[in-house]
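Student: Just dropping this structure here.
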Amino acid sequence: MKNPFFSIILATYNRAHLLPRAIASVFSQDYADWELLVVDDGSVDATESLMRDCQNQDPRVRYLKKSHSGLAKTRNAGLSEAKGSYVTFLDSD
């Protein structure tokens, strides 16, 4: 499998109620050569379950869970896992 052109990093913390809308905005784009990395900063809500379902629907979606450490470290964790030629960030809200 070739690397995607874009890596979209979506850092989140206890935003399961907002994630479907943010993820839908990625899926609604005309350009399809991307990967979406949802990096969970230690959420205790339904984020993990929601993301498990999302990953099963589309292989371009990856979910990374880490212990709570704040936005900067969460984005950096996503950067270290990104495979795209270009990287962009998407807020979960």
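The values are calculated or read from the model by the stated rules, or taken from the named source; none is laboratory data. Quantities reported herein were computed from a predicted structural model and do not represent experimental measurements. All Cβ positions, glycine included, derive from the backbone under ideal geometry; neighbour counts span all protein chains shown. What goes into the accessible areas is simple: the full protein's heavy atoms, side chains included, and nothing from ligands, DNA or RNA. Shrake-Rupley method; radii C 1.70, N 1.55, O 1.52, S 1.80 Å.
Student: Report, by residue number, each residue of region 1-19 that is open to solvent by 60 Å² or more (accessible area, probe 1.4 Å) and at pLDDT 95 or above. Spell out the reasoning first.
Tutor: So in region 1-19, the residues open to solvent by 60 Å² or more (accessible area, probe 1.4 Å) come out as 1-3, 5-6, 13, 15, 17.
Listed by number, the residues that qualify are Phe5, Phe6, Tyr13, Arg15, His17.
Student: Related question: Can you confirm whether His17 is in contact with an Asp or Glu (Cβ under 7 Å, 6 or more places away or on another chain) and part of a loop (DSSP other than H, G, I, E, B)? So that I can check it myself, show each step before the final result.
Tutor: Details: in contact with an Asp or Glu (Cβ under 7 Å, 6 or more places away or on another chain): no; part of a loop (DSSP other than H, G, I, E, B): yes.
When the stated conditions are applied, His17 does not pass them.
Student: Return the pairs, sorted by first residue and then second, in which the second residue is β-branched (Val, Ile, Thr) and surrounded by fewer than 20 Cβ atoms within 10 Å (Cβ to Cβ), the first residue lies in region 1-16 and is over 16 Å from Gln29 (Cα atoms) and without any contact (Cβ under 8 Å) to a residue 40 or more places away in the chain, the beta carbons are less than 9 Å apart, and the residues are 6+ apart or on different chains.
Tutor: Asn14/Val44
Student: For region 24-74, give me each residue that is open to solvent by less than 50 Å² (accessible area, probe 1.4 Å) and assigned to a loop (DSSP other than H, G, I, E, B).
Tutor: Answer for region 24-74, where residues must be open to solvent by less than 50 Å² (accessible area, probe 1.4 Å) and assigned to a loop (DSSP other than H, G, I, E, B): Asp33, Asp41, Gly42, Ser43, Asp58, Lys66, Gly70.
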